[in-house]
Structure formats: structure tokens, C-alpha cells
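Down below is the structure, laid out as C-alpha cells.
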Amino acid sequence: MKKALKTTLIVFIWLVIWLVASLLINLPLLFPSPIDVLVRLFQLLGTSEFYLSTMFSFGRIILGITIGLLSGLAIALLCSISKHIYDFFMPLIAIVKSTPIVAFVFLVNLFVGSGYTIVFICVLMVFPIVFANIYQGIIGTDKNLLELCKVYKIPYKKRLKALYLPGVAPYFFSSLLSSIGLAWKAGIAAEILCTPRISIGIEIFNAKTYIEYIDLFAWILTVVILSLIFELVVTKLLKLLSNKFLTKAEV
Amino acid sequence: MKKLLSITLLCVMLFSTLSLFSCNTPAPTNSNGYKVALDLTDEWNKISNGTKLVQGCVVIRKEFAEQNPGAVSAFLDEYKSSIEYTNANPNEAGELIEKYGIDSNSEIASMAIPNCNIAYMEGSAMKDSLSAFLTAMHSIAPASVGNKLPSDDFYYTRNDTVEKTGTTINVATLNGTTGYGMAKLMEDASTNTTTNNYSFNVVSDPTMIIAGLANGSIDIGALPTNAASNVYNKTNGKVQALAINTLGVLYVLDKTDSVKSLADLEGKTIYAPAQNPTFILKYILAANNINATIDSTTYSSPNALETAAENGLVDIAVLPEPKVSNVMNK
């Protein structure tokens, strides 16, 4: 309860700072006051377009995160079998990690519709992080403990539960959380670039083009709040999962 | 037999050398099979009752205009002669355009200039065409012009009797065709042959010009016409349109060789960049009662559509100059 109160107070203080800044800058055309933005946000919340756009964007990003997660997991497992497989995939992963989002958007959008481009971009954000973390977790499993398991002929399932999962889990969870925020950012940025017909990105793009900066700020606020909510939900879920799978480790 | 062969060879050589001399103008069909099928400026003029398709203009801060009528009058004269120079000397203008960063390739710019309909209109001629254009755009997409039409004080008329004095004017222009007519003025300013003392800024985003106009750091800005109306509305009338600098720059490219007139667009899918090109096309098609599908989401930015056209990925596309020249040159 105390934490909620403290957070609310901090948020309120930042809103006041915003208000003061907007009054000082005195360019309501391009830097609106928080009051105007919040009012506009409430107006938007009453429109069906708001929920449609939000759902579509959310759906694309979730799909991208899921595919990125699963593919990161799969390739990491594959690479953990042999160093040669890892070496084979390394150049691909290096390219995916270092190419700027915008370059990918331009390339991919020529071949694939705007909607799927977004999914692809989110996959690109999540995949390298998840892959690297899970791979590290698998490789980093204590070799001595593995030897012990071999000697005592402990079945694979038990090895998984007692060794691999607890070893990989912390890496996996942290990678998931950091890549979610990234996927949101990159996904919305990609939407602004290739403007799918129903998306948050096209709303932001139109708001900028039509010089409707109150709308622009309102939508940005929407994206920030959605991202925070999503991270909160995932954190809670991960906590639940880790409690379920990791405390029951038996050797 | 030998004689026939050598004559044929001679003829072939002759023809191929002759074709080298026609290299300056872009071939009617480019390597991907595209033709410039329609000129949307022409199509607009057919349905517009004498007013013109006006896509680019210069606007001024109203406060600055009121305080410096003489300087504004001098600017209008200098801008007009800059535009006239550009049309009369496309090659030299192209080089100036590249020199001042308004476009990156002087050859493409020079090729595009005749198709860009760079023109100068002020006063009542400007008002007639501009208000008609804004009314048309308002009927298709009200938000693009700021949700309402500007009142009469949006259209600047100069005072002929005032003395043309000089002052410092901060001018900003978009790169691309909106700024083509400005290059000669920039050259004149740098050689100190102008009445006014100018400082220039070339930007790639209208938002920067709008911000400058709003906070007073820019006095005159070259903007697309609908953005000008939008700024007028959003600043509650603090800007005025001084002059038109570009008529229409949109063309329809066709790969299928089936579009010979506007009516041939019936039932087809036309790719167009989002915003203005789509709105203008919609208006023209509606005025002619033609039903066609306009896709402005697959390649929503002009750059994306240009790339798609360069790779032959679209059958029919609407593109602005100088992208048209760029594509046709491939």
C-alpha cells in the first residue's frame, strides 16, 4: 500500500514538472500540457478505434515476442549440442544483433506486408537476447555436477529439473524481461515507419503529419503505459513459474 | 551476299550511334517497362474550372509581414525571378540545387525540373487556386488541412505602393521540389545581390519549419500547401500564404501499357504514397466517376513506393517528381 502511494506521488510530481515545462516552453502547438494530453487520452479511451489499434499492435508484438522466444530457445538448444553448430549460427546472430531496426524495416517491408514486418522486427529484437542467455545458461551448467549425474546415472528428466532448469532459468527470465521492453519500442517504431492500416504506429504517424501534437503525446503515453503493464504482468507470471518449477528440484 | 552483309552492318552501326544522341531525355519506357502514363496536374486542371493544382507554397509569419511590408515585397520579386531562372535554366538550377543541399543529385533534379511545374503565383491568382485546392482536400481528408478552411486573411496580397526596403529574413525550405525554386535565390543571397539579407535553412521535415514559424525563429517557410493551411489553423492565424511555388508534381507510372487515359484506371489497383498523393488521386477519380482501388498502405511512404517501382514490384503507381525521373532513369 505504501509503495503504491509512493509511486502515485512520484508520478504526480513528474506530471507537475511536465506542466511547468510546457508553460515555460510556451509552444502549445508542439509541446502540449499534461492536462490537454490526459483529457485527450480519456477522449480516445471512449473510441472503438483506440481499442482496435491497441489490440492489433499488441497482438503483433506478442506474436513477435513469442516466436522470438521459441526460436531463441530452439536454436540455443541446437547450438548446445555441438560447438560447430554454434559457430555456424554465429554470423547470422551477429548480423541480427547489430543491424539497425530501420534497415530491416525497409528491406522486409518490400517483401512482406506491414503487419508481418512488425512481427518480424519483434522476433529480431527478442531472438538474439534469448538465444545468448539460454545458450550461456546451458553451457554454464556446472560440469562437476553433470559428471556426478552421469556417475549416479540420474535420468534425463531429473537432470533437467534439478540442473538445467535452475541453471538456465535466471538467465532466461532476465533476458525475457529486457527483450520485452525492446520489442515494444522496436515494434511501435516499425509501425510508425511502415504504417499498418490498423495500428498505434499509424496513429502516431498521422498525429505528427497533421500537427496534432496533443494526440501524439496521448498515443506515446498509451504505448508507455501498455509497455509498463505488460512488463508487470510478465514479471508476475515469471515469479509464479519460477516458484512452481524451481523450488521442487529434487535430486 | 558479302555486300548485303556489310551494308546491314553499316546500317546497324549508324542506328546505334544515332541512339546515343537521344540519351539526354529519359526513354519513354524504362528498363522495367514503366511508362509515364498520366500527368495528374493535367487531369486536375481538366476538372477544376480554371484553377490549378497547387502543391507547394511559401508562408510567412503574419507579424513579420505586417512589420516589414517593403521587405516582403522585395522578397516576392526576388523569389519570382529565382523561380523564372529555375525554369529557364534547368541545368544551372540543378547544380545550384545540389550545391545548397536541396537535392542530392543535380542531374536528376535538372531532368525533373520541367516536370515539376515550378511556377510563381501571388495575390488573387494564388487565392483562387489555393482556396479551391484546400476545399478539395478538405472534402477528402479534413485533418490534412487542419479540419477547417482558412479565412481570407490567410492569403497575402502585397501593397504595391510601399517602398521595397531590405531587412534580415530567416527563410527555411523543405528539400525536394518545394525548395527547387529557392536555389537561385540562395545563390543570389550569397553573392550579396539581393535587397534583403537572407539566412537559409534546408530541412527534411515540415515539423521543423512549423516549429520555427511558431516560435519566431523562421520568418518565411516553404511548405506543402495543405501543411500551410494546417499551420494557419493550428496557430490561430499567425501565418499567411505568400505565393505558390509549385503546381502539381504527381504522375501515374504504368507497367502494364494499358493506361492510356484516366478512364483506363477503372477497376485497377493503384499504389500511392499515403497523404497528399492519395487524396489528390481520390479527388480526381471521384470527380470523373471512376472506381479504382487505391492502395496507400503497402508502400505508404514515397521512398518505399519509389523502391518498389525501381524493382518493378507494382503495376500502376502514383509518384511525385523527382522520384518519377529517378525511376524512369533506371
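Counting only residues that are assigned to a loop (DSSP other than H, G, I, E, B) and buried (at least 18 other Cβ atoms within 10 Å of the Cβ), segment A:150-195 holds 1 of them. Return yes when B:A263 is within 19 Å of the chain's Cα centre (by Cα) and within 24 Å of B:F133 (Cα to Cα) and no when it is not. Taking the combined requirement at face value, the residue does not satisfy it. Screening the candidates B:L130, B:L174, B:L185, B:L96 for the property of being buried (at least 22 other Cβ atoms within 10 Å of the Cβ), within 14 Å of chain A (Cβ to nearest Cβ) and of a type in the set (A, V, I, L, M, F, W, C) yields one hit, B:L174. Would you call B:S124 surrounded by fewer than 22 Cβ atoms within 10 Å (Cβ to Cβ), in a helix (DSSP H, G or I) and at pLDDT below 95? Judged against the criteria, B:S124 is a match. Scanning segment A:15-39 for residues that are outside any helix (DSSP H, G or I) and within 14 Å of chain B (Cβ to nearest Cβ), we see that the one that is surrounded by the fewest Cβ atoms within 10 Å (Cβ to Cβ) is A:N26.
Report, by residue number, each residue of segment B:307-327 that is away from every other protein chain (no Cβ under 14 Å), at pLDDT below 90 and over 13 Å from B:L250 (Cα atoms). Scanning segment B:307-327 gives a single hit, B:N326. Only residues that are in a helix (DSSP H, G or I), more than 30 Å from A:Y164 (Cβ to Cβ) and among the hydroxyl-bearing types (S, T, Y) were counted in segment A:47-83, giving 5. Looking across segment A:209-225 at every residue that is within 14 Å of chain B (Cβ to nearest Cβ) and without any contact (Cβ under 8 Å) to a residue 12 or more places away in the chain, the one that is nearest to A:L45 (Cα to Cα) is identified as A:E212. Checking every residue in segment A:106-122 against the condition of being free of Cβ contacts under 8 Å to residues at least 24 places away in the same chain, assigned to a helix (DSSP H, G or I) and over 20 Å from A:C194 (Cβ atoms) gives zero matches. Residue check: B:A136 meets all listed conditions (1) surrounded by fewer than 22 Cβ atoms within 10 Å (Cβ to Cβ); (2) closer than 19 Å to B:L281 by Cα but one, namely (1). When restricted to residues that are within 21 Å of the chain's Cα centre (by Cα) and surrounded by fewer than 22 Cβ atoms within 10 Å (Cβ to Cβ), segment B:241-256 contains 1.
Could you list, in sequence order, all residues of segment B:209-231 that are surrounded by fewer than 16 Cβ atoms within 10 Å (Cβ to Cβ) and more than 10 Å from every other protein chain (Cβ to nearest Cβ)? Quick ask: steps written out before the conclusion?
Taking segment B:209-231 first, the residues surrounded by fewer than 16 Cβ atoms within 10 Å (Cβ to Cβ) are B:215-217.
Within segment B:209-231, B:G216, B:S217 meet the criteria.
The criterion of being over 21 Å from A:Y51 (Cα atoms) and not in a helix (DSSP H, G or I) does not hold for A:I198.
Out of A:F42, A:F111, A:F104, A:F12, one residue alone is aromatic (F, W, Y) and surrounded by 12 or more Cβ atoms within 10 Å (Cβ to Cβ). It is A:F104. Taking segment B:209-218, which residues are out of contact with any helix residue (DSSP H, G or I) (no Cβ under 7 Å at 6 or more places or on another chain) and either in a loop (DSSP other than H, G, I, E, B) or over 18 Å from B:D103 (Cα atoms) (or both)? Matches in segment B:209-218: B:A211, B:G212, B:A214, B:N215, B:G216, B:S217. Would you say A:P196 is of a type outside the set (D, E) and within 14 Å of chain B (Cβ to nearest Cβ)? So A:P196 passes the test. Within 13 Å of chain A (Cβ to nearest Cβ) and modelled with pLDDT under 95, is that true of B:S258? Spelling it out, it is not the case that B:S258 is within 13 Å of chain A (Cβ to nearest Cβ) and modelled with pLDDT under 95. The residue pairs whose first member lies in segment B:143-157 and is within 14 Å of another protein chain (Cβ to nearest Cβ), whose second member is of a type in the set (D, E, K, R), and whose beta carbons are closer than 7 Å, counting only pairs six or more residues apart or on different chains, are B:G146/B:K234. Looking across segment B:188-207 at every residue that is more than 23 Å from the chain's Cα centre (by Cα) and touching a residue at least 40 places away in the same chain (Cβ under 8 Å), the one that is surrounded by the fewest Cβ atoms within 10 Å (Cβ to Cβ) is identified as B:T195. Is there a residue being more than 14 Å from chain A (Cβ to nearest Cβ) and surrounded by fewer than 21 Cβ atoms within 10 Å (Cβ to Cβ) anywhere in segment B:292-306? Yes: segment B:292-306 contains one or more residues that are more than 14 Å from chain A (Cβ to nearest Cβ) and surrounded by fewer than 21 Cβ atoms within 10 Å (Cβ to Cβ).
The values are calculated or read from the model by the stated rules, or taken from the named source; none is laboratory data. These numbers come from a predicted model, not from an experiment. No Cβ is skipped: glycine too gets one built from the backbone with ideal geometry, and neighbour counts run over all protein chains shown.
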